[in-house]
Amino acid sequence: EADIYQTPRYLVIGTGKKITLECSQTMGHDKMYWYQQDPGMELHLIHYSYGVNSTEKGDLSSESTVSRIRTEHFPLTLESARPSHTSQYLCASTQGGTDTQYFGPGTRLTVL
Amino acid sequence: RKEVEQDPGPFNVPEGATVAFNCTYSNSASQSFFWYRQDCRKEPKLLMSVYSSGNEDGRFTAQLNRASQYISLLIRDSKLSDSATYLCADSGAGSYQLTFGKGTKLSVIP
């Protein structure tokens, strides 16, 4: 089991608002990831980080941005939320030397 | 683009049945493979890792066939609680990124 946390779990917000989705892990994992998943659809990697001050965009283009100032914290920000951003956002982390990813519980975002 | 393909679902099976899922991968350099279980509206949870020819954990058996580039997941004596979507993933060649399949939905019916 992995200790990885996401807040909020559910968020309903109006168009144009700035939002930050939080992801934290207490295991000292150096690699962290953000995925986007629509209901019944596949996971899409949108951002990843291999360590502090290292962030990269994933396979799916996203208007969100991320930062990695501390090992345990990998927040995702949307500067101006739109209805097309409605989705589930899943954070994951990997322990050093392996590829096994452990997922947080996700944030279900609805933009009205 | 490296891809992971899974059996299209859904699989509807009676309790107690044995069910097998297949997953093919296109990256011949992939070293590590994973099966995740995802319940509706929940996060994926690791079911099994596969690094060599296979792995077994209770009623679940995963087998890797490198020559044909596929991995399989066998579930014996299906339980109602096994109903979920099963995701296959491979790690590529040292990229620290996983490529996920679209998942196969399993429904175990009484």
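Here residue B:9 fits the description: modelled with pLDDT under 95 and either within 15 Å of residue B:108 (Cβ to Cβ) or more than 13 Å from chain A (Cβ to nearest Cβ) (or both).
If you filter segment B:69-110 down to residues that are within 18 Å of residue B:43 (Cα to Cα) and of a type in the set (Lys, Arg), you find that the one that is most open to solvent (accessible area, probe 1.4 Å) is B:102. Would you confirm whether any residue within segment B:15-33 is under 12 Å from the mean Cα position of the chain (by Cα), open to solvent by 60 Å² or more (accessible area, probe 1.4 Å) and away from every other protein chain (no Cβ under 14 Å)? Taking every residue of segment B:15-33 in turn, at least one turns out to be under 12 Å from the mean Cα position of the chain (by Cα), open to solvent by 60 Å² or more (accessible area, probe 1.4 Å) and away from every other protein chain (no Cβ under 14 Å). Of all residues in segment A:2-50, those being without any contact (Cβ under 8 Å) to a residue 40 or more places away in the chain and either out of contact with any Gly (no Cβ under 7 Å at 6 or more places or on another chain) or within 11 Å of chain B (Cβ to nearest Cβ) (or both) number 9. Put simply, of A:76, A:45 the only residue that is at pLDDT 95 or above and under 10 Å from the mean Cα position of the chain (by Cα) is A:76. Restricting the search to strands (runs of 3 or more DSSP E) fully inside chain B and requiring at least 1 residues that are among the β-branched types (Val, Ile, Thr) gives B:4-6, B:11-14, B:19-25, B:44-50, B:60-65, B:70-75, B:84-90, B:104-109.
Residue A:97 passes every criterion in (1) at positive phi; (2) under 10 Å from the mean Cα position of the chain (by Cα) apart from (2). Checked against the criterion of being at pLDDT 95 or above and touching a strand residue (DSSP E or B) at 6+ places or on another chain (Cβ under 6 Å), the candidates B:50, B:19 yield just one match: B:19.
Among the residues making up segment B:58-110, those that are within 14 Å of another protein chain (Cβ to nearest Cβ) and of a type in the set (Ser, Thr, Tyr) are B:85, B:86, B:91, B:95, B:96, B:99, B:104, B:107. Residues in segment A:84-106 that are open to solvent by 20 Å² or more (accessible area, probe 1.4 Å), touching a residue at least 60 places away in the same chain (Cβ under 8 Å) and more than 8 Å from every other protein chain (Cβ to nearest Cβ): A:95, A:96.
Can you confirm whether residue A:56 is within 11 Å of chain B (Cβ to nearest Cβ) and loosely packed, with under 15 Cβ neighbours inside 10 Å? First the steps, then the outcome.
Values: within 11 Å of chain B (Cβ to nearest Cβ): yes; loosely packed, with under 15 Cβ neighbours inside 10 Å: yes.
Against the criterion (within 11 Å of chain B (Cβ to nearest Cβ) and loosely packed, with under 15 Cβ neighbours inside 10 Å), residue A:56 qualifies.
Within this structure, residue A:19 passes the test of being of a type in the set (Val, Ile, Thr), open to solvent by less than 70 Å² (accessible area, probe 1.4 Å) and modelled with pLDDT of 95 or more.
The values are calculated or read from the model by the stated rules, or taken from the named source; none is laboratory data. As the structure is a computational prediction, the values presented were derived from the model and not from experiment. Cβ: placed from backbone, ideal geometry, glycine included. Neighbour counts: every protein chain shown. Areas reflect the complete protein model, heavy atoms only, side chains present, ligands, DNA and RNA absent. Shrake-Rupley method; radii C 1.70, N 1.55, O 1.52, S 1.80 Å.
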